[in-house]
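Novice: Here it is: the structure, laid out below.
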Amino acid sequence: MIMERSQAGRPRHTKEAPAGGVELAALYAGLYRIRRAEEVIADLYPEQQMRCPVHLCIGQEAPPVGVCSQLEPCDYAFSTHRSHGHYLAKGGSLVALLGELYGRAVGCSGGKGGSMHLIDLDCNFLGAVPILGTSVALAVGAGFAISRRRERRVSVAFFGDAAAEEGVFYEAANFAVLHRLPVVLVCENNGLSTLSPLAVRQPPGRSLCDLVRGIGMEARAGDGNDVLEVVRLASDAIAHAREGAGPVFLEFAVHRWREHCGPGWDHDKGLRDPAELPSFKERDPLVVMRGFLEQAGGWDESAMSRIRADIDAEVAAAVTTVQASPYPDRGQLMADEYAP
Amino acid sequence: MPPETDARHTAAGRQLKYCHAIREALDLCLAADPSVYVMGLGVTDPKGVFDSTSGLLERHGADRVLDMPASENGIAGMAIGSAVAGMRPVIVHQRMDFAILCFDQLVNQAAKWHYMFGGKARVPLVMRMIVGRGWGQGSQHAQSLQSWLAHVPGLKVIMPATPHDAKGMIIAAIEDDNPVVSIEHRWLFNIDGPVPEGHYTTEIGKARVIRPGKDVTIAAVSHMTIEAVRAAEFLAEEGIDVEVLDLRTLRPLDREALVESVSRTGRIVVADTGWKTFGASAEIVATVTERAFPALRAPPQRIALADISSPSTPALAEFFFPGVGEIVAACRSVMGLPILSARKWPGSGLPHDVPDNAFRGPF
């Protein structure tokens, strides 16, 4: 069965620390669903039928799942090139994601965007763009729209650590503070910009939170491998923004397992220290969450294996659907330069 | 979109300055649609961006008429984000040179948004950029970079020359669901012209024959349209019948109007406010040679800035900015007449570095 709008992707939570097997299981399912979709993409990519760059978020699933678990469907989200997880967690269609990667008409952007330009207006995922700091400015602008209309939505930007090296980040952050906008900025710090480590990009001891506090914005940092920690921080930040108390910056330390762009690895090519990978896997967001559930007595293996099997089937069915679906016709090349 | 109600040829009476025509357009749009807001450095200051935004704050409030941090790129990105969330921002730059800081957002995001998301989303954004000239504006206050922007699919680039079109095209731009850049020449701001009251739009993407003629077509934009009309009036006295085609929009370019006019006159002079090399004039001449080559009776001529950065000193700026004299010479050239006629353009009687008697600087 294809879960076109799977609730597993956007588990619901109360503001309190998550409790109760169902909700925790939903968080686990959300992590697993993104992992599974990304691994299937990685497995199929060498067939050369997905003819566009892909930036996989394997290892970085907890911030999208944790943050989106605290968002309402009406809330806005923007993301960057590594956006599959954010798109799925916000509620974006899996078929439309895969369709976009396969360049098919059923793709969320009709095949014109590719993996770096995901959108699903049905769930208010307003767009992903790969030029680093831009998602911040876009989310601040959507926050401005919310503020002008006196709505109770919030606007969220997902981005990486290198986004905070572009001027547009500071310009937009300053504006969000100046106008007290209902915006949550979610930085996933994986320590890498393509393959350039933090050491060549930012001075030792740099705290992005301190920088942002210098602008006057609330800022918190946490472990981005622990979805429950993400949920706690996101819950507070989103409530803060929604109540009109101004924007919040969240920084989550995460690990990018795979290469910057593509299905492969860096560690087997001498591009990164191979000793890193085992330590990443010890802090695998799925392992961390499973460990919590087991300790809390909430791990039900038979239920979990059913959830995993459903997700596996959903992803497989989505791939089958997309592979059988048509490409856009040639007339689409020149269509849509302008909105009518 | 409301129907075209271009009353220019029938409305006798009301005259407005170009700057006030723009202000009236903004005022009407702010009043008509709560999603419209106007933001820019100086928008709310007492000078009101050369009097094109003054009074709007008082009429529409600080929520909708705003000054901004000097963050050109961030504000452009913010404006785009607000547009995809349902607003209709109008962003103002007192000099186009500063807008270069936001070409990232304009070119990478706004221009592409509708196409790259498969037509599912739109960016109804207007960005006004004012081009300086004279009074020593120098290298970073006098750039007219329409060719950069008109090169980019997804953008619309308008360059209204008259108060009538300034109002009608700004309203059309605000009501358009696409990003529209309005390039406004500073020397137009104090020019009077007939402007109908109330709401009307001037269609984006349509040129207009501002003065019919049968011997030479001058295809002009923005302030060069005004200079072209002066040149045409001067040449009429020596029997040369010049047609002035005000292009009004560079993207989408009204190629049909160009071809139609040149097919009748057989001669083309292009008068642009930018540089010649890879400039808008090159695209216009290319269009004519591709589509109306058999009609051409003389090689096309182009009037553009000297191909160098803008000098500040009046001693050099005099030779940097072309005007009526150069247009007259080009028209004589395509007519096969001696360029250096005994009869020279007498000039406006003004110093060459001011648009009118009232202009006292500083920018």
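The values are calculated or read from the model by the stated rules, or taken from the named source; none is laboratory data. Model, not experiment: these values are computed from the prediction. Reconstructed Cβ throughout: ideal geometry from the backbone, glycine too, with neighbour counts over all protein chains shown.
Here is a yes/no grid of residues against (1) under 27 Å from B:D356 (Cβ atoms); (2) within 14 Å of chain A (Cβ to nearest Cβ); (3) part of a strand (DSSP E or B):
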site: B:S139; (1), (2), (3): yes, no, no
site: B:G154; (1), (2), (3): no, yes, no
site: B:I170; (1), (2), (3): yes, no, no
site: B:V181; (1), (2), (3): yes, yes, yes
site: B:I204; (1), (2), (3): no, yes, no
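Novice: Continuing with the same structure: Taking only region A:237-258 into account, find how many residues are surrounded by fewer than 20 Cβ atoms within 10 Å (Cβ to Cβ) and free of Cβ contacts under 8 Å to residues at least 60 places away in the same chain.
Specialist: Total meeting the criteria: 2.
Novice: Of the residues in region B:168-193, how many are in contact with a strand residue (DSSP E or B) (Cβ under 6 Å, 6 or more places away or on another chain) and either without any contact (Cβ under 8 Å) to a residue 24 or more places away in the chain or surrounded by fewer than 19 Cβ atoms within 10 Å (Cβ to Cβ) (or both)?
Specialist: So the count comes out to 2.
Novice: A follow-up question, please. Which condition number does B:I80 fail, the rest of (1) facing chain A (nearest Cβ under 7 Å); (2) part of a loop (DSSP other than H, G, I, E, B) being met?
Specialist: (2)
Novice: Same structure, new question: Just checking, which of A:V154, A:V184, A:V177 is under 22 Å from A:E218 (Cα atoms) and surrounded by fewer than 23 Cβ atoms within 10 Å (Cβ to Cβ)?
Specialist: A:V177
Novice: Also, quick follow-up: Can you work out which of the residues in region B:21-59 that are within 12 Å of another protein chain (Cβ to nearest Cβ), surrounded by 18 or more Cβ atoms within 10 Å (Cβ to Cβ) and of a type outside the set (S, T, Y) is farthest from B:P179 (Cα to Cα)?
Specialist: So, considering only residues that are within 12 Å of another protein chain (Cβ to nearest Cβ), surrounded by 18 or more Cβ atoms within 10 Å (Cβ to Cβ) and of a type outside the set (S, T, Y), the one farthest from B:P179 (Cα to Cα) is B:M39.
Novice: Regarding B:G193, is this residue more than 26 Å from B:P314 (Cα to Cα) and not polar (S, T, N, Q)?
Specialist: Yes.
Novice: Next question, about the same structure. Tell me which residues, restricted to region A:112-128, are among the charged types (D, E, K, R) and either closer than 25 Å to B:L30 by Cα or assigned to a helix (DSSP H, G or I) (or both).
Specialist: A:D122
Novice: Within region B:106-126, which residues are at the interface with chain A (Cβ under 7 Å from one of its Cβ atoms) and part of a helix (DSSP H, G or I)?
Specialist: Listed by number, the residues that qualify are B:N108, B:Q109, B:H114, B:Y115, B:M116.
Novice: Report the residue count in region A:112-122 for those that are more than 7 Å from chain B (Cβ to nearest Cβ), surrounded by fewer than 24 Cβ atoms within 10 Å (Cβ to Cβ) and not charged (D, E, K, R).
Specialist: 2
Novice: Additional query: Tell me, please, whether a residue that is outside the structural domain of B:K47 (by TED's automatic domain parsing), basic (K, R) and surrounded by 15 or more Cβ atoms within 10 Å (Cβ to Cβ) can be found in region B:355-363.
Specialist: No, region B:355-363 contains no residue that is outside the structural domain of B:K47 (by TED's automatic domain parsing), basic (K, R) and surrounded by 15 or more Cβ atoms within 10 Å (Cβ to Cβ).
Novice: On to the next question. Kindly establish whether B:R264 is assigned to a loop (DSSP other than H, G, I, E, B), in the same structural domain as B:A330 (by TED's automatic domain parsing) and not hydroxyl-bearing (S, T, Y).
Specialist: no
Novice: Where in region A:129-248 are there helices (runs of 4 or more DSSP H), lying wholly inside it, with at least 2 residues that are more than 14 Å from chain B (Cβ to nearest Cβ) and more than 16 Å from the chain's Cα centre (by Cα)?
Specialist: A:208-215, A:227-242
Novice: Now a separate question. Can you tell me how many residues within region A:284-340 are of a type outside the set (D, E), within 14 Å of another protein chain (Cβ to nearest Cβ) and free of Cβ contacts under 8 Å to residues at least 40 places away in the same chain?
Specialist: Of the residues in region A:284-340, 7 are of a type outside the set (D, E), within 14 Å of another protein chain (Cβ to nearest Cβ) and free of Cβ contacts under 8 Å to residues at least 40 places away in the same chain.
Novice: Are there any pairs, at least 6 apart or on different chains, whose C-beta atoms fall under 9 Å, with the first in region B:339-363 and farther than 26 Å from B:A329 by Cα and the second not in a loop (DSSP other than H, G, I, E, B), and if so, which?
Specialist: B:F359/B:W187; B:F363/B:F50; B:F363/B:R186
Novice: Among the helices (runs of 4 or more DSSP H) confined wholly to region A:1-111, which include 2 or more residues that are of a type in the set (A, V, I, L, M, F, W, C) and at pLDDT below 95?
Specialist: The qualifying helices (runs of 4 or more DSSP H) are A:21-44.
Novice: I've got another one for you. Out of B:A99, B:A85, I need the residue that is aliphatic (A, V, I, L, M), in contact with a strand residue (DSSP E or B) (Cβ under 9 Å, 6 or more places away or on another chain) and at the interface with chain A (Cβ under 8 Å from one of its Cβ atoms). Which one?
Specialist: Only one candidate passes the filter, namely B:A85.
Novice: Out of the residues in region A:82-108 meeting the condition of being under 16 Å from A:I34 (Cβ atoms) and among the hydroxyl-bearing types (S, T, Y), tell me which one is surrounded by the most Cβ atoms within 10 Å (Cβ to Cβ).
Specialist: Applying the filter and picking the extreme gives A:Y87.
Novice: Another question about this same structure. Here is a check on your reading of the model: is B:V107 surrounded by 22 or more Cβ atoms within 10 Å (Cβ to Cβ) and not assigned by TED's automatic domain parsing to the domain that holds B:T277?
Specialist: It is false that B:V107 is surrounded by 22 or more Cβ atoms within 10 Å (Cβ to Cβ) and not assigned by TED's automatic domain parsing to the domain that holds B:T277.
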